[in-house]
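One structure below.
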Amino acid sequence: MPNHRALSLGRSIGAIVVVAAVTVAADQPVTTDVRRFEPDVLPILRQHCLKCHSQKVRKGDLSLQSISGLARGGESGEPVVVPGEPAVSRLINLVKAGEMPPDGARLSDDDIEVLEAWINTAARKEFSTVNEALSPELLAARNVHFLFEVKCQPCHGRKKQEGELDMRSMASILRGGKSGPALVRGKASESLLLRRIHDDQMPPRDVRYKLSIRPVTETEQELIRDWIDGGAIDPPPPPGVIDDEGLLVSDADKQWWAFQSPSAGAIPNVADPQQERTEIDSFLLSKLESQGLSFSAKADRRTLIRRAYIDLLGIVPSPEATQAFVNDATPNAFDRLIERLLGSPRYGERWGQHWLDAAGYADSEGSASADTIYPLVYQYRDYVIRAMNAGKPYDRFLLEQLAGDELVDYRNVPRMTEQLRDNLVATGYLRTCIDPTTSPETNFLYDRYQVLADTVEIVSSSLMGLTVRCARCHSHKYDPLPQRDYYRFTAIFAAAYTPSDWVKPQQRTMELAGVEDRREIAEFNATINNQIHPINLQIAALSEKDAEFKKQKESLEAEKKKLETQLRKPPQVQNLTDLRPDADPFYLLRRGEWNNRGRRVLPNVPTVLKRSPESFQIARPFDDAPTTGSRLALARWLTQDDHPLTARVIVNRVWQHHFGRGIVPTAENFGKTGVAPTHPELLDWLAVEFVNNDWSIKQLHRLIMTSNAWRQQSRRRDAGAAIDPDNHLLWRMPLQRMDAEVIRDSMLAVAGRLDGKMFGSAVGVKSLPDGQVMTEDTAEGNRRSVYLLHRRSTPVTVLETFDAPRLTTNCIQRHTSNVVSQSLLMLNSGFADRQATSLAKVISVKTSDRSQQVTAAYEAVLGRDPKESESELAIGFLRQQTDRYEANDSTGTALVDLCLVLLNSSEFLYVD
Amino acid sequence: MNYDFFNRRKFLSTIGRSLSGIALSDLLSRESGAFERDVALKQFDLKPKTSRFAPRAKSVIQLFMHGGPSQVDLLDPKPSLDKYDGQKFPGVIDVQQPEQAGGILKSPFKFAKHGQSGIEVSDVMPHVAKHVDDLCVIRSMWTEHINHEPALWMIHTGRTIPGRPSLGSWVVYGLGSESQDLPAYVVLDDPKGLPVDGIRNWSSGWLPPQFQGTRFRATGTPVWNLNPARAVPAPLQKARRELLAKIDQAHRAARPGEAELDARIASYQLAARMQVSATAALDLSQETKPTQAAYGIGNETTESYGRRCLLARRLVERGVRYVQLFIDGQIWDNHTGLESGIRGACARTDQPVAALLADLKQRGMLDDTLVIWGGEFGRLPISQSKNGRDHGRQGFTMWMAGGGVKAGHVHGATDEFGYAAVEERVSVPDLHATLLYLLGIDHKELTFPRNGLEERLTGVYEPRVVSEILA
């Protein structure tokens, strides 16, 4: 026979089996001398371990000074000794491996033998006397009840009690259901529960698939049998709350620069005030000067307007706009240009996309091959674009996205106002990660915890510049983020994403309607229903015998259908809100395993970032609120003026989008494994200034773009290249390749085909037979890239080829690749050809003179007149290429080719 | 003046000198931090890299078998299935669709020993059976998930969650390309349609996009946009490129030290070369008639897979590092109609696969080309809907050939019924670590910094290189 015991040791119930095995082993007669904790073991521990692991120091939250400390374990809450089982006791394994003590001094073999002998002898009895240690029997009882929770309670629990059976408590289990008590204590063979399971009646086969429940394995059945035969003892009370705040995070940990509130220091002095236009310049220049460097000369106006358009709007300027700016002799022409761009609706489309990257926005579910499209989520994308255009203060922006549903009692407002709508749509920010739980095949606890983990990752990386993911399984190795802090932070979102009471993604929707709105809709629908009612009667009265029956019925049905289409429904939004005002208890998961619950955690923010206990306070958002208030508390904590990370992180990202690299180059990681800021004082000054300016991102653009630093030329100079070849000090503006969306949108704009329509459902895409994904060549299909369907399984080829992120969670910083598929696409694709053809048509309508055509093409694509040599080259090309077309009997036109070549040129793709 | 962007050491030493007052010392002393810097600079390339230790294989051809080929009907004979046919399976069995599960189901095929090694193969794979002496059959594979997508993510990316880089992406990220005019990682998918989970099968995940698989189509133009959407005669295309080169070179000349612009110009040159070389690689008419016939080209059933197998050899010959073959849908997912399903799948693939092995061997290419055959999991010994088999994750079979693995060797075993791997079990991370090892890479060293973690293909697992199968 196959070894079934070994086989069923999957991830699910492995821990249980080990415990069961322990029970058996511990019952074996032991031959070793009896060793006891106080006289035999404690002296050894005192000599080697207590320096760090005394009750007072408790490094790693572990005290080895008492049995209860050993039983309680360290950070993860796993006991370091398993009585009767030295081989699986961490204490033994670590000392044997020489990993502990860490200073290299090993325990002698004799000492280790004593420890092992103690675990094999007196330990079991000694452990049974402390509260922290659960006897194997109690542990088994807890595991059995966890098994009931996962495999029985979906039908016999909180939501329903099939057959009137409730498996949540011992009392209700013993009371049983319609068929009698579920079990008889001490008599497994007479217990209905076990019989039903054994006969594969429970959990019922059809329900298992639908509710994502695995069958009860033989090992699990054995566990239940042993538990019942052993008297079906009550499970121990649930694990207590971890409340030792601060123990694992020292004051020294809080000293890391990014965990301290930013403070604006003095503006440094510079030697050459000529180069200093703004405070930003002073910070940068002082550092440059210390290296014997200075800014590069100011870029010319053509370069500046192109740079400004691409930075702020994501589209190249029209030749007319360029000409107007170049010729603008009025003072402050540049400042007015910036104002004009900041006021353009195109601004929100460009900067909305940056935010959507960070939020991980996509229009589809993302997991299964079906990759179901979410038809409602575009409202969040539109919300972001509107917020950017309106200059919504960043603190308010975050407040709405994290806890918009907790700001106002939306259920009892008379009307759904614009602001209320924003509030409710905004939590779409928390709905962006891949959520596979629509399919029962991927709706297990494991999958649900993954959704939570991804959401936490998006929040922490986009808002806090922290990478907390590793703390899911163990305390962070570099940053002071204990595992319990990770789960506390996760608990904030677990009131909405509750693994023990899961809501599938498409069911997480809300009506956007006030009381009055709903009443009006109901009244309106009533009048329609009043008209439908008589038709129903008429249909019912028809006789099948009537010759006209079919015709009459069809006509009436059609009439009815017409009326039904008039019925109104309140608009819906796909967003996030808590399930209840009181969240289910949430537990640390040892090693991040869904079936390995540790102690309970309460919602909280990372200890190392907390200025005071009061800075994060959960309170009921408003009277009778349907939510816990934990996300609102998080939002208020994050948007405190002196928060160490919030302002720094967004300021750094805005900087990154202007200069191609953040002041902290690792924009998603401000922790110890991140790269240090090149200009920490500037970062702090900007962060403080940003908060003082009402968290205004537009004001931040003004600060940055009016500096000399932003307005310098991009050419390399030998002096700078020798000292700082990678331009960390910003002695020049870096040359940057356009982003994917900028390339596509600008090509359409140059061709005169970009459609400016804003907002609404995502623009559909189609897959060509060869697998490329593109939009139709229609006005709708030629809208800006931000509006295209962002379906995870069918990324739009032109965007993906130029490094638009493929979102699994989110993207804080894009890569810029340089691959041959880009060149092939730009040269040969139908998309590129269409834009070149369209531009050529526009030009040839205006003029048939080759020289003028060349000038027009240069102006449209590159925003400048050709130099004489360039003009000659291009005219020659037009002439020769026309001849070649004739010679090859081909119908192409040379002007299209010229336009195509210019669209392919480095000068078009790279921004000086 | 030297503007070498790719020299990390030089970069670091220069920065260390120039950024006084900034705590870079620990970055300089910590290799991982130094690498993170390169990532921050977003600079990656496909230049050939030196392996850590001598590689056994230079290239990989992965014959991916979507759906979960049934081990007990192909390469893992179980007489007990005949003996207990129709009886209840003795024990708990993890079934995906329990309501359709029946008793033990014997294989409709007969097994026989083949070659000097005497490895048993069922009669539905007569062609591959002739090459068992070149195969290293692993009968003790197991994986973590019973559903297609998570199991696909596991076998392709090392975890049961979506979005991670594929094995091929990791390999070319680690080793770069040997070819100057072809992509390093080529995917030959089925003209009939995408496999289950589509393009994610070869995604580079969060590795930079240049490491993702490039789809080559076995008919028509092999690469997206290789030729103009609207036909343009070659001399006119050339004239376009020449004009572009002149304009770009003038632009570049005014911007000294911009290596990125050189790379852009080079990428257009590569595009032109690829137009020739990819087309040439695809031109199967250069192969003799007997070779084509051996691969089954000319026979409707085997034509498609045969073309791709032959193309795979031609690509590896031209220096492509990683070639992956896919079949539309999931032909091995035989929930019903097991016998006809497997017969159909073998009819399409058996002869071409055998021809590929023979061809590689005859050309001396099998020594440094690793061929891998297998799917995301296997199937159960019990029936589903009477004449099918449900997914089985606890035990399944894969085989490898060439590239440093033992020939004519069987590793590991499943239990009496072929349900679960019980002897010398090989996990998917074990398999990945072994593949990387054969390519000269230590799986622990092939890392990519992301969100504060040093990510690896083998992730948080601690796999072992399956040394027993190394030649």
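Before moving on, here are some points about what is shown:
- Selected residue (only one of A:611, A:591 is surrounded by 13 or more Cβ atoms within 10 Å (Cβ to Cβ) and under 30 Å from residue A:145 (Cβ atoms)): A:591
- 1 or more residues more than 30 Å from residue A:367 (Cβ to Cβ) and away from every other protein chain (no Cβ under 14 Å): qualifying helices (runs of 4 or more DSSP H) within region A:709-828: A:740-750
- Screening region A:205-217 for residues that are without any contact (Cβ under 8 Å) to a residue 12 or more places away in the chain and crowded, with 16+ Cβ neighbours inside 10 Å and picking the one that is nearest to the other protein chains (Cβ to nearest Cβ) gives A:205.
- Among the conditions (1) within 12 Å of another protein chain (Cβ to nearest Cβ); (2) closer than 19 Å to residue B:378 by Cβ; (3) in contact (Cβ under 8 Å) with a residue 24 or more places away in the chain; (4) surrounded by fewer than 24 Cβ atoms within 10 Å (Cβ to Cβ), residue B:152 misses just one, which is (4).
- Subset tally (residues that are buried (at least 17 other Cβ atoms within 10 Å of the Cβ) and outside any loop (DSSP other than H, G, I, E, B)) for region A:226-252: 2
- Exclusive hit being in a strand (DSSP E or B) and either surrounded by fewer than 22 Cβ atoms within 10 Å (Cβ to Cβ) or within 14 Å of chain A (Cβ to nearest Cβ) (or both), set B:422, B:410: B:422
- Residue list for region A:190-219, restricted to those being polar (S, T, N, Q) and at pLDDT 90 or above: A:191
- A single entry from B:395, B:375, B:388, B:344 fulfils the requirement of being in contact with a Pro (Cβ under 8 Å, 6 or more places away or on another chain) and at negative phi: B:375.
- Every condition in (1) modelled with pLDDT under 90; (2) crowded, with 21+ Cβ neighbours inside 10 Å; (3) more than 14 Å from every other protein chain (Cβ to nearest Cβ) holds for residue B:280 except the one numbered (2).
- Hey, residue B:194 within 11 Å of another protein chain (Cβ to nearest Cβ), surrounded by fewer than 23 Cβ atoms within 10 Å (Cβ to Cβ), within 25 Å of residue A:818 (Cα to Cα) and of a type outside the set (D, E, K, R) or not: no
- Contacts under 7 angstrom Cβ, first residue in region B:290-314 being closer than 14 Å to residue B:350 by Cβ, partner assigned to a helix (DSSP H, G or I) and among the acidic types (Asp, Glu), 6 or more apart: B:296/B:303
- Odd one out for residue A:843, checked against (1) more than 8 Å from chain B (Cβ to nearest Cβ); (2) more than 28 Å from residue B:269 (Cβ to Cβ); (3) modelled with pLDDT under 95; (4) crowded, with 20+ Cβ neighbours inside 10 Å: (3)
- Output for region B:74-119, where each listed residue is of a type outside the set (Ser, Thr, Tyr), crowded, with 17+ Cβ neighbours inside 10 Å and over 30 Å from residue A:208 (Cβ atoms): B:75, B:77, B:109, B:111, B:114, B:119
- Subset of region A:287-303 that is touching a helix residue (DSSP H, G or I) at 6+ places or on another chain (Cβ under 8 Å) and in a loop (DSSP other than H, G, I, E, B) - its residue that is surrounded by the fewest Cβ atoms within 10 Å (Cβ to Cβ): A:292
- If only residues of region A:859-874 that are more than 10 Å from chain B (Cβ to nearest Cβ) and part of a helix (DSSP H, G or I) are counted, the one that is surrounded by the most Cβ atoms within 10 Å (Cβ to Cβ) is A:861.
- Residue in region B:398-405 that is over 16 Å from the mean Cα position of the chain (by Cα), farther than 15 Å from residue B:137 by Cα and not in a strand (DSSP E or B) present: no
- So residue B:245, is it facing chain A (nearest Cβ under 8 Å), among the small types (Gly, Ala, Ser) and over 28 Å from the mean Cα position of the chain (by Cα): no
- Whenever a residue of region A:352-368 is within 22 Å of residue B:201 (Cβ to Cβ), it has no partner that is small (Gly, Ala, Ser) and surrounded by 23 or more Cβ atoms within 10 Å (Cβ to Cβ) lying with C-beta atoms less than 6 angstrom away and at least six residues away or across chains.
- Strands (runs of 3 or more DSSP E) contained in region A:555-616 and holding at least 1 residues within 27 Å of residue A:239 (Cα to Cα) and not charged (D, E, K, R): A:586-589, A:597-601
- Strands (runs of 3 or more DSSP E) lying entirely in region B:77-141 (those with 3 or more residues that are more than 30 Å from the chain's Cα centre (by Cα) and closer than 30 Å to residue A:440 by Cβ): B:101-104
- Identity of the residue in region A:99-130, assigned to a helix (DSSP H, G or I) and among the β-branched types (Val, Ile, Thr), that ends up surrounded by the most Cβ atoms within 10 Å (Cβ to Cβ): A:119
- Candidate set from region B:121-135 (those that are within 24 Å of residue B:367 (Cα to Cα) and surrounded by fewer than 19 Cβ atoms within 10 Å (Cβ to Cβ)); member that is farthest from the other protein chains (Cβ to nearest Cβ): B:130
- Options A:882, A:797, A:893; residue that is under 25 Å from residue B:237 (Cα atoms), outside the structural domain of residue A:670 (by TED's automatic domain parsing) and surrounded by 21 or more Cβ atoms within 10 Å (Cβ to Cβ): A:797
- Restricted to region B:204-235, and to residues there that are surrounded by 20 or more Cβ atoms within 10 Å (Cβ to Cβ) and not in a loop (DSSP other than H, G, I, E, B), the residue that is modelled with the lowest pLDDT is B:209.
- Every residue from region A:875-891 that is more than 7 Å from every other protein chain (Cβ to nearest Cβ) and hydroxyl-bearing (Ser, Thr, Tyr): A:882, A:891
- Failed item, numbered, when residue A:320 is tested on (1) in contact (Cβ under 8 Å) with a residue 12 or more places away in the chain; (2) not in a loop (DSSP other than H, G, I, E, B): (1)
- Selected residue [in contact (Cβ under 8 Å) with a residue 60 or more places away in the chain and more than 28 Å from residue A:205 (Cα to Cα)] from B:187, B:95, B:196: B:187
- Checking A:159, A:125 one by one, the residue that is at pLDDT below 90 and under 22 Å from residue A:204 (Cα atoms) is A:159 and no other.
- Contacts under 7 angstrom Cβ, first residue in region A:887-912 being touching a residue at least 12 places away in the same chain (Cβ under 8 Å) and closer than 18 Å to residue A:736 by Cα, partner in a helix (DSSP H, G or I) and among the acidic types (Asp, Glu), 6 or more apart: A:905/B:248
The values are calculated or read from the model by the stated rules, or taken from the named source; none is laboratory data. Everything numeric here is computed off the predicted structure, so don't read it as measured data. Cβ atoms come from the backbone with ideal geometry, glycine included; neighbour counts cover every protein chain shown.
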